[in-house]
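A.B. asks: The structure under discussion is supplied below as structure tokens; questions concerning it will follow.
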Amino acid sequence: MTQGYLWPVPDPVFPVPDLASLEQSVVRFAGGTLEAWERDYLGFHLKRFQDTLRLLPEGDGRRLLDVGAFPGHLAALARERGWRVTGLNNDVE
């Protein structure tokens, strides 16, 4: 497996979101604080969120379906980029 390679290759026109600003956005989405499990979850997935957002241009009101959306971090980040997000999850709490 090659490290540091992302396919499809992101469009260089769109800036790469930095990890610190992504984390701050998620904390805002969560109301200012994260529970311990949520902080661990975010730490584990933050790089993946960054890679995913690198592939998404500004949403400009377009629709995005986030399958397996719990706890909603990626959906919230995409919404900040102008996407109209619908999140689906198979576990009801």
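The values are calculated or read from the model by the stated rules, or taken from the named source; none is laboratory data. Note that this is a predicted model, so its numbers are computed, not measured. Here the Cβ is made from the backbone with ideal geometry for all residues, glycine too, and neighbour counts use every protein chain on show. Heads up: the accessible areas ignore ligands, DNA and RNA and are worked out on the full protein's heavy atoms, side chains in. Shrake-Rupley method; radii C 1.70, N 1.55, O 1.52, S 1.80 Å.
A.B. asks: What is the set of long-range amide H partners of GLY87 at a cut-off below 5 Å, with H atoms built 1.01 Å from backbone N?
C.D. replies: ASP66
A.B. asks: Rolling a 1.4 angstrom probe over the protein heavy atoms, how many square angstrom per residue are accessible across the chain?
C.D. replies: So the chain comes to 70 Å² accessible per residue, rounded to a whole number.
A.B. asks: Taking only C-alpha pairs under 8 Å that are 6+ residues apart, what is the relative contact order of the chain in percent?
C.D. replies: 28
A.B. asks: How many percent of the accessible area of the chain is carbon or sulfur, using a 1.4 Å probe?
C.D. replies: 56
A.B. asks: Can you give the charge dipole size of segment 17-84 about its Cα centre, rounded to the nearest 20 debye, using +1 on the beta carbon of Lys and Arg and -1 on the beta carbon of Asp and Glu?
C.D. replies: It comes to approximately 240 debye.
A.B. asks: Among GLN50, PRO71, GLN24, pick out the residue whose Cα is farthest towards the positive end of the charge dipole of the chain, where Lys and Arg carry +1 and Asp and Glu carry -1 on C-beta, about the Cα centre.
C.D. replies: Farthest towards the positive pole: GLN50.
A.B. asks: For the Cα atoms of the chain, what angle does the longest principal axis make with the long axis of helix 36-55, in degrees from 0 to 90, nearest 10?
C.D. replies: The answer is roughly 20 degrees.
A.B. asks: So, one more: Just one of [x] 5.2; [y] 13.0; [z] 7.1 is mean projected area of the Cα convex hull in nm² as worked out from the coordinates here. Which one is it?
C.D. replies: Read-out taken from this structure: [z].
A.B. asks: Ordering PHE49, PHE70 by how much accessible area each has at a 1.4 Å probe, largest first, what is the list?
C.D. replies: The residues order as PHE70, PHE49, largest area first.
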